[in-house]
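These notes concern the structure reproduced below.
Quick note: the coordinates plus some simple rules give every number you see, no bench work behind them. Since this is a predicted model, take the numbers as computed values, not measurements. Here the Cβ positions follow ideal geometry from the backbone for every residue, glycine too, while neighbour counts run over all protein chains shown.
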Amino acid sequence: MTLALFAQLLVAGVLLGGVYALISIGLTLIFGVMRVVNFAHGELLMLGMYLSYYLVTAVHMNPYLALVVVAPALYLFGLLVEVTIIRSTIGRSDVVQVFATVGLSIVLQAGALMAFSANVVGINVPITNALVQLGPLSMGVPQLLAFAAAMLVASGLFVFLRSTDIGRAIRATAQDRSAAALMGINVAGIYRLTFGLGSAMTGLAGALLMPIYSVSPTVGEQFVLIAFVVVVLGGLGSVTGALVGGLLIGIVETFSGFVIDPQWKQAVYFLIFLGVLVFRPAGLFGARGSEELSTS
Amino acid sequence: MLEVRGLAAGYGENEVLFDVSFDVAPGSLTVIVGANAAGKTTTCRAISGEIEARAGTIRFEGDPIQHERSDRRVERGLVQIPEGRRLFPFMTVEENLLLGSFARRARAERREALEEVFALLPRVAERRRQAAGSLSGGEQSMVAIGRGLMARPRLLVMDEPTLGLAPLFVERTFEIIEEIRKRGVTVLLVEQNVKRSLSLCDRAYVLEHGHVVMQGAGRDVLSDEGLRRAYLGM
């Protein structure tokens with residue numbers, strides 16, 4: 001493999017990984033704070049993609065302008081889901097949570113099937129095929145923008161969690177919810193906010209994916225699997241872990257797809273995944289038994 | 001300031017408090033003592049709203065608060081330092097203190113509160129950049145007190161602040177409690193260190209099996225022979 005090719009694959013992998021990271025951060029945030037494993041996470045992504053699709057095709061909005069509609073819309077949808085479904089599962093057995101979120105996932109998929117049909121659709125505006133050339137490297141503009149947006153959102157979340165009162169309250173709630181309540185933190189409110197934020201980030205990821213991928217009601221299934229791998233690999237509840245895990249999976253997928261065979265790329269990252277879990281069962285950044293919503 | 005009447009509370013099937021009544025007068029230091037499993041911590045949890053009162057009333061400055069959310073009670077100035085400190089272990093000491101002043105009322109005076117806490121607890125100031133979980137038990141208990149004071153309490157409820165501490169820190173804790181009280185904060189202290197706390201307080205209540213079995217001025221309770229033998233094992 002030539003150096004130029006290596007660099008090209010690395011760049012492609014990193015760009016892809018940035019989007020994986022963004023999808024995974026929402027999942028790990030919700031788990032870290034609320035201890036809820038959201039099996040409907042992929043469907044939030046799917047909704048973000050469809051919303052973006054209709055904004056672009058029906059309203060003729062620029063796909064990147066659509067972000068400013070999709071993120072708040074998914075935030076509100078997340079609040080709705082939290083209040084109507086998730087809230088009553090908090091503190092109940094894991095089985096209740098699994099049934100509730102798997103059920104939600106099925107309902108959303110079926111609803112999308114009725115509303116949007118099973119057709120696979122995509123958007124095709126000039127920007128989706130634009131390329132930039134940087135020396136020997138060529139990068140798709142949508143991939144580059146998706147990566148940049150993912151990094152911007154991830155670092156924004158970092159700063160928010162680290163240095164605002166609400167961010168600190170979110171981390172405190174993750175570490176000890178009853179002690180958080182004694183600080184005057186409205187724990188139920190923090191849960192609502194967290195689920196909304198996680199949903200908004202996932203919807204945002206969906207909208208960023210729309211110029212790159214096509215959407216169908218079951219699109220969430222492909223990505224949610226990656227998101228779970230990334231989150232467990234990075235360490236449940238670790239924002240840093242989701243970021244590093246996402247990049248790692250993106251790079252591994254790109255290289256193995258090229259070097260071995262595209263059909264084998266999932267097998268390869270699952271092998272790495274298993275290997276990491278053998279040596280670090282808590283994931284790369286989850287060394288403390290996932291007790292923490294960590295930003296370090 | 002705090003008026004508890006006929007309080008009953010528990011966990012699931014398990015009834016812990018049956019009929020607990022007591023008063024905390026403004027500006028006073030009131031102590032609740034009792035053996036293990038007498039219901040001391042459950043009483044604190046019902047006051048903070050961590051668990052719900054099953055019967056009875058809790059009034060704070062005249063308002064019934066037994067159905068109010070925990071965070072609203074904190075906003076009123078009813079602040080609790082829980083048993084076992086319950087610091088946020090992965091956050092720095094300073095972040096823990098800042099969280100203490102999360103309530104809107106306290107946030108407005110955050111800067112002054114932080115200066116006061118650092119002046120009162122110089123050890124805490126030295127450790128401000130360290131993760132709270134990396135401190136010794138004694139240091140953690142100082143941070144917990146500092147975090148409680150950051151909330152600008154009108155009534156500070158302290159649940160066994162000396163539990164598991166070395167004698168030096170126990171002594172220091174009682175000094176700090178006296179200092180807090182001198183500054184005009186009403187204190188409700190729940191303690192197992194009977195001798196020290198009873199000789200310090202204005203009024204004491206003895207809790208046994210979820211009932212108040214004795215009350216009076218601290219020295220009177222301390223000198224009651226039957227009580228000392230039966231409940232306090234002294």
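Of note:
- Inter-probe distance in nm under a simple model that places probes 7 Å from Cα toward Cβ, at A:Leu3 and B:Asp220: 9.1 nm
- Nearest 10 degrees, 0 to 90: helix A:165-175 Cα axis against chain A principal axis: 80 degrees
- Theoretical FRET efficiency, 1/(1+(r/R0)^6), r = Cβ-Cβ of B:Gln192 and B:Arg128, R0 45 Å, to 0.05: 0.90
- For a modelled paramagnetic label at A:Ile127, 7 Å from Cα along Cα-to-Cβ, the residues of segment A:1-43 in reach, with backbone nitrogen under 17 Å, are A:19.
- Net charge over other residues, Cβ less than 14 angstrom from the Cβ of A:Glu253 (K, R count +1; D, E count -1): 0
- Gain upon complete extension [B:Lys182, B:Ala108; 0.36 nm per residue less C-alpha separation]: 24.4 nm
- Electrostatic dipole magnitude of the protein assembly as shown [Cβ: Lys, Arg +1; Asp, Glu -1; Cα centre; debye, to 20]: 600 debye
- Cβ crowding within 10 Å ranks B:Met1, B:Met150, A:Met151, A:Met210 as A:Met151, B:Met1, B:Met150, A:Met210, fewest other Cβ atoms first.
- Within a straight-line Cα-Cα reach of under 24 Å, B:Lys40 can be paired with the following lysines, leaving aside sequence neighbours fewer than 8 residues apart in one chain: B:Lys195.
- Between A:Ile272 and B:Ala119, the modelled label-to-label distance comes to 5.6 nm, taking each label 7 Å out from Cα in the direction of the beta carbon.
- Rounded to the nearest 20 debye, the dipole size of segment B:92-152 about its Cα centre is 220 debye, using +1 on the Cβ of Lys and Arg and -1 on the Cβ of Asp and Glu.
- Approximate spin-label separation A:Val159-B:Ala55, in nm, with each point projected 7 Å along Cα-to-Cβ: 5.7 nm
- Cα-based helix-to-principal-axis angle, B:110-120 vs chain B, degrees rounded to 10: 80 degrees
- Against chain A, whose longest principal axis is taken from its Cα atoms, helix A:94-116 shows a tilt of about 50°.
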